[in-house]
1. Under the condition of being within 16 Å of the ligand (Cβ to nearest atom) and within 19 Å of Asn39 (Cα to Cα), which residue from region 112-129 is most open to solvent (accessible area, probe 1.4 Å)?
2. Among the listed residues Ala281, Ala196, Ala187, Ala276, which satisfies the condition of being part of a strand (DSSP E or B) and over 16 Å from the mean Cα position of the chain (by Cα)?
3. For the subset of region 10-19 comprising residues that are within 12 Å of the ligand (Cβ to nearest atom) and outside any loop (DSSP other than H, G, I, E, B), which member is most open to solvent (accessible area, probe 1.4 Å)?
4. Working only within region 170-184, note down all residues that are part of a strand (DSSP E or B) and either aromatic (Phe, Trp, Tyr) or out of contact with any strand residue (DSSP E or B) (no Cβ under 8 Å at 6 or more places or on another chain) (or both).
5. Could you check how many residues of region 41-51 are more than 10 Å from the ligand (Cβ to nearest atom) and either open to solvent by less than 10 Å² (accessible area, probe 1.4 Å) or within 29 Å of Ser195 (Cα to Cα) (or both)?
6. Basic (Lys, Arg), within 16 Å of Leu11 (Cβ to Cβ) and open to solvent by 10 Å² or more (accessible area, probe 1.4 Å) - does that describe any residue in region 314-321?
7. Restricting attention to region 80-91, and to residues there that are open to solvent by 70 Å² or more (accessible area, probe 1.4 Å) and in a helix (DSSP H, G or I), which single residue is farthest from the ligand (Cβ to nearest atom)?
Amino acid sequence: MSATITGKWLLLCGGIGGAKLALGLDRLLPPGALTVLVNTGDDFTHLGLRISPDLDTVMYTLADVVDPETGWGRRDETWQFMEALDRLGGEVWFRLGDRDLATHVERTRRLAAGETPSAVAADFCARLGVASRLLPMSDAAVATRLRTATGWLDFQDYFVRLRAAPVVSAVDYAGAGQAAPNPALFALLADPELSAIVIAPSNPWLSIAPILALPGLRDALRGAGIPVIAISPLIGGAAVKGPTAKLMTELGLEVNSAGIARFYRGLADVLVIDHADSADAPAVAALDIRPAVTATLMRTLEDRLALARAVCELAACRGRVAS
Ligand code: FO1
């Protein structure tokens, strides 16, 4: 018999990988129990539009309108805008579908009219029927940049235009030091109903580090006095998708669960690793993080729900979850 999961839950996440766990938690928990603090270090201004890829990926996923093939953008998308732009010689390396375009046009208009990114996100989510609360990590601009042999690159330049091919020697989160974390986060961390903080299997250096770089955020998470459970993005020592393993190698890090545990040391109580990495468990434990072994690959909705449930049960062993 499965336990009833109560209380409020906080998930820190980036885009595609994080959105999968967000969906599992959103569908598992009572409506409104989940708050997702989303990385905005990937945000940029493109074609005059303000684009928030990770926020939109999580929002589209929870609203069940995401493109299931790519994991970003909208399902049943058409591309007439891109085709017309291409004919005019415009920039088409970053693909904005016709339906998706509406999100960026309307976001840009509202920001120019003085709304905050948080207010825009909340209203878009309400209109798309998203029950969970999505918080941009900050209302101030933060830009993830990567140092390569040819100099510093903006995130989407590196990630999409250059397909994460350049060798990275450093990562920087420009503006993070001055960017106030989303104020709603502090209210949630002080809420006695908050059961646990979950860190999605997103890329630690590209998706989670920008969040943790915000002033006071790491201390606030620790200070909440509730379990912090991180999920490793590696399976069998490799990334499911994206450049996590490549980036770790380039930054001179060990590409295994211990390399991930070192990143979360001092913050996470538990690191969830896949069965394929169970041999890493002693190395994780040696870093003062409790390893928990389960299936972390999220191909189907059932996988997402199962991982969400496993994470909630881990928190129940340590914190405030009623059965
Ligand atoms: N990812 C791509 O690989 N190619 C694209 O052309 C692309 C366009 C795009 C448009 C809107 C959006 O919200 C996301 C988009 N993404 C695209 C995904 C995005 O670049 C990355 O997945 C994230 O920034 C990393 O989490």
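1. Filtering first and then ranking leaves Pro117.
2. Ala196
3. Ile16
4. Once the filter is applied, which keeps residues that are part of a strand (DSSP E or B) and either aromatic (Phe, Trp, Tyr) or out of contact with any strand residue (DSSP E or B) (no Cβ under 8 Å at 6 or more places or on another chain) (or both), region 170-184 yields only Tyr173.
5. Residues that pass the stated criteria total 0.
6. Checked region 314-321: no residue is basic (Lys, Arg), within 16 Å of Leu11 (Cβ to Cβ) and open to solvent by 10 Å² or more (accessible area, probe 1.4 Å).
7. The residue in question is Arg87.
Listed here are the residues, each with its yes/no results for (1) part of a strand (DSSP E or B); (2) out of contact with any Gly (no Cβ under 8 Å at 6 or more places or on another chain).
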residue	(1), (2)
Asp26	no, yes
Thr35	yes, yes
Trp72	no, no
Thr78	no, no
Trp93	no, yes
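The values are calculated or read from the model by the stated rules, or taken from the named source; none is laboratory data. This is a predicted model, so every value here is computed, not measured. Here Cβ is always computed from backbone atoms with ideal geometry, including for glycine, and neighbour counts include all displayed protein chains. Protein only, heavy atoms only, side chains kept; ligands, DNA and RNA dropped before computing areas. Shrake-Rupley method; radii C 1.70, N 1.55, O 1.52, S 1.80 Å.
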